[in-house]
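Asker: First, the structure itself, so that you have it in front of you.
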Amino acid sequence: MKTKLLYSLLFFTSFLFSQESFVINNVRLFDGEKVKENMSILIADGKVSKIASEPIQHQNIIDGKGKTLLPALTNAHVHVWAPASLEQAAKAGVLNLLDMHAVETLIPMMKGFRASNKHADYYCAGGAATAPKGHGTQYGFPTPTLTKPEEAKDFVEGRVKAGADYIKIIREPWKATLNEETTKALITAAHEANKKAVIHVSKAVDAHEVLKNKADGLVHIWEDTSLTKEQFDDLKGEEFFVIPTLLTMQKVQELFYKKTKEQALEKVKNMQDEVKRLYEIGVPILAGTDPPNGNINYGTDLYKELKLLNDAGLSTVDVLKSATSLPAIHFNLKDKGFLKEGYRADMILVDGNPTENIEDIAKTKRVFKQGKEVK
Ligand SMILES: [Zn+2]
């Protein structure tokens, strides 16, 4: 009898939980595009049900005074090998992780956490395309490789079958690497399979080449030199985005090359200048940090990348877009990245105003996934 009562109580509370509806009144709203003061937002059935400039009457009200409500964040460059990383991200308000080189056997399990409000949602490239013994093969898990353009179509089909949401290609000449023809064939095959093709480069010359060959995005900014004026002008007609991963560059300099923080930031400064050049001609800049490289975490370290992008010259609002609406647009994250009527109530409530002071993003106090609080 007692157990029966307990079960019915449990059922009742979980029913209430799934039906959770509430209002946040008088909040500063960044909706993924614009900042609006003194807004009210009604959440119901896991979605944004209504947005108004007048307070909304409701029995369950959160006072948003002095706070800012934003779409949940996305980290557009990670490597996830354990569900604990999805939890670490979710706690920091990073509710979407875009994996750029996956262990393919883990994909179904990782995607199985989508309904959990303790875990971030996982998206992935599957195994990245690389040459035998190339960059990406050194991590001790099975990595598919290829050597010639004729193999590109099968390679892409294999990744799509394994559950890839987009295709990642590695051009990294410090080891054996794919040549231009194979890289180009992979980009074409990805597009034929209706997938974006994103590329790892470290050299400006490779960046120029793959972007001319219609890559959709770069998952790092190049680090060797600046694009020449000719290369830069030549890219003005191309459509692409860049995930600079500036924090990764800083940490790699400090940990791998044993540089002081000042020396590392000096190197990062050159990359920030390249980011600014791209930003000024309208290239979308997306936030990513490449954890666990450089001992970077899956959650709060993304805030540091936002600061580095702000220091590079992006406006605070464009920095916020880099981790919200822009990744949603460029990686087709359905109903995410914006807080508008009909979108998912994936959102963070921040004490302070990150739309003017980007460092306030570290004051993220409450995280909601589909309207349910992440505890
Ligand atoms: Zn990476």
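Asker: To the nearest 20 debye, what charge dipole does the stretch 123-252 have about its Cα centre, counting +1 at the Cβ of each Lys and Arg and -1 at the Cβ of each Asp and Glu? Numbers along the way, then the final one.
Answerer: Working: 17 positive and 19 negative charges, 80 e Å.
So the dipole magnitude of the stretch 123-252 works out to roughly 380 debye.
Asker: While we're looking at this one, here's another question. To the nearest 20 Debye, how big is the dipole of the stretch 73-330 about its Cα centre, given +1 on the beta carbon of each Lys and Arg and -1 on that of each Asp and Glu?
Answerer: Charge dipole, the stretch 73-330, about its Cα centre: 580 debye, nearest 20.
Asker: With charges set only on the Cβ (+1 for Lys and Arg, -1 for Asp and Glu), what does the dipole of the stretch 224-374 come to about its Cα centre, in debye to the nearest 20?
Answerer: Working: 22 positive and 25 negative charges, 121 e Å.
Roughly 580 debye, rounded to the nearest 20.
Asker: Report the local net charge at Lys153: Lys and Arg +1, Asp and Glu -1, summed over other residues whose C-beta lies under 13 Å from its C-beta.
Answerer: On the way: positive: Lys148, Arg159, Lys161, Lys184, Lys195; negative: Glu150, Glu151, Asp154, Glu157, Glu192.
For residues surrounding Lys153, the net value is 0.
Asker: Please turn the phi angles of the stretch 339-346 into ³J(HN,Hα) values with the Karplus equation 6.51 cos²θ - 1.76 cosθ + 1.60 (θ = phi - 60°), one per residue in order, whole Hz, x for glycine and proline.
Answerer: Karplus-based 3J(HN,Hα) across the stretch 339-346 equals 10, 9, 4, x, 7, 4, 7, 9 Hz.
Asker: Only counting other Cβ atoms within 10 Å, I'd like Tyr123, Tyr279, Tyr257, Tyr303 sorted with the fewest neighbours first.
Answerer: Numbers: Tyr123 27, Tyr279 21, Tyr257 10, Tyr303 24.
In order of increasing Cβ crowding within 10 Å: Tyr257, Tyr279, Tyr303, Tyr123.
Asker: Taking neighbour counts of Cβ atoms within 10 Å as a proxy for exposure, in what order, fewest first, do Trp222, Trp81, Trp174 appear? All intermediate terms of the calculation are to be shown ahead of the outcome.
Answerer: On the way: Trp222 21, Trp81 14, Trp174 9.
By the 10 Å Cβ count, ascending, the order reads Trp174, Trp81, Trp222.
Asker: Could you point to the residue in Leu186, Gly134, Ile24 farthest towards the positive end of the chain's charge dipole, with +1 and -1 charges on the Cβ of Lys/Arg and Asp/Glu respectively?
Answerer: Ile24
Asker: Over the stretch 73-330, what is the mean sequence separation of C-alpha contacts under 8 Å (at least six apart), divided by residue count, expressed as relative contact order in percent? Provide the component values of the computation, followed by the final result.
Answerer: Details: 531 pairs, mean separation 46.6, N = 258.
Normalised by residue count, the contact order of the stretch 73-330 is 18 percent.
Asker: Sort Val160, Val374 so the one with the fewest other Cβ atoms within 10 Å of its own Cβ comes first. Don't skip to the answer; put the middle values down first.
Answerer: On the way: Val160 18, Val374 22.
Least crowded to most crowded, the residues run Val160, Val374.
Asker: Further question on the same structure: To two decimal places, what compactness ratio does the stretch 73-330 give when its Cα radius of gyration is scaled by 2.2 N^0.38 Å?
Answerer: 0.94
Computed from the coordinates by the stated procedures, all read-outs in this text should not be read as laboratory data. None of the values given here were measured: they were computed from a predicted structure. Neighbour counts run over all protein chains shown; Cβ positions are idealised from the backbone, glycine included.
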